[in-house]
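Engineer: This structure is in structure tokens; I'll ask about it shortly.
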């Protein structure tokens, strides 16, 4: 669902049992726009209920999720992404004498395309830096800037050129690998 990296439940009528139990199902058979963030132990940590026509601010939700996970996320590290043109991520820092990675791969643990990309880079002896956007919310914000607001994985920074999704032909061209 557009790069969302956390479990999500949607509950529509005629089912609506969850919305009904949480007190947000209208008699007409649809719910208010209701967001409940529930931690791993089943405790409701955040509730946001408002008119169905109002769109919640995803940055607020990302901050709440980070707080539940105990990850500090300063306000200035979660930029608004609307209208942001994709730009290169900061260059990877390397230890003296280490090979600087040709690619920064923004990924998640669960993404099947990320697993294929890891194998592709290893097979082709391409040094790459892997950044898990589930754990690094500043990196997740960069990915949202690259992709127009989505946390799409994998997303690659190949020496300053952004590639969204595992596009082997484009990566081969950028990395000089014969197709």
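The values are calculated or read from the model by the stated rules, or taken from the named source; none is laboratory data. Just so you know, these numbers come straight off a predicted model, no measurement behind them. Ideal geometry is used to build each Cβ from the backbone, glycine not excepted, and the neighbour counts take in all protein chains shown.
Engineer: Assuming residue 98 fulfils every condition listed in (1) modelled with pLDDT under 75; (2) assigned by TED's automatic domain parsing to the domain that holds residue 158 apart from one, which condition is it?
Structural biologist: (2)
Engineer: Scan the stretch 141-170 residue by residue and report those that are in a helix (DSSP H, G or I), in contact (Cβ under 8 Å) with a residue 60 or more places away in the chain and in contact with a strand residue (DSSP E or B) (Cβ under 8 Å, 6 or more places away or on another chain).
Structural biologist: First, the residues of the stretch 141-170 that are in a helix (DSSP H, G or I): 141-147, 168-170.
Cutting the leftovers down to in contact (Cβ under 8 Å) with a residue 60 or more places away in the chain gives us 141, 143-147.
Matches in the stretch 141-170: 143, 146, 147.
Engineer: Okay, next question. Scan the stretch 166-178 and tell me whether some residue there is surrounded by fewer than 16 Cβ atoms within 10 Å (Cβ to Cβ) and at pLDDT below 90.
Structural biologist: Among the residues of the stretch 166-178, at least one is surrounded by fewer than 16 Cβ atoms within 10 Å (Cβ to Cβ) and at pLDDT below 90, which makes the answer yes.
Engineer: Being modelled with pLDDT of 60 or more and farther than 14 Å from residue 144 by Cβ is true for just one of 118, 63. Which residue is that? Step through it out loud before you land on a result.
Structural biologist: Working: 63 fails: farther than 14 Å from residue 144 by Cβ.
The match here is 118.
Engineer: Do you know which residues across the stretch 42-58 are at pLDDT below 75 and either surrounded by 14 or more Cβ atoms within 10 Å (Cβ to Cβ) or under 20 Å from residue 135 (Cβ atoms) (or both)?
Structural biologist: Here is the first cut: in the stretch 42-58, the ones at pLDDT below 75 are 50-58.
58 - this is the single residue of the stretch 42-58 that is at pLDDT below 75 and either surrounded by 14 or more Cβ atoms within 10 Å (Cβ to Cβ) or under 20 Å from residue 135 (Cβ atoms) (or both).
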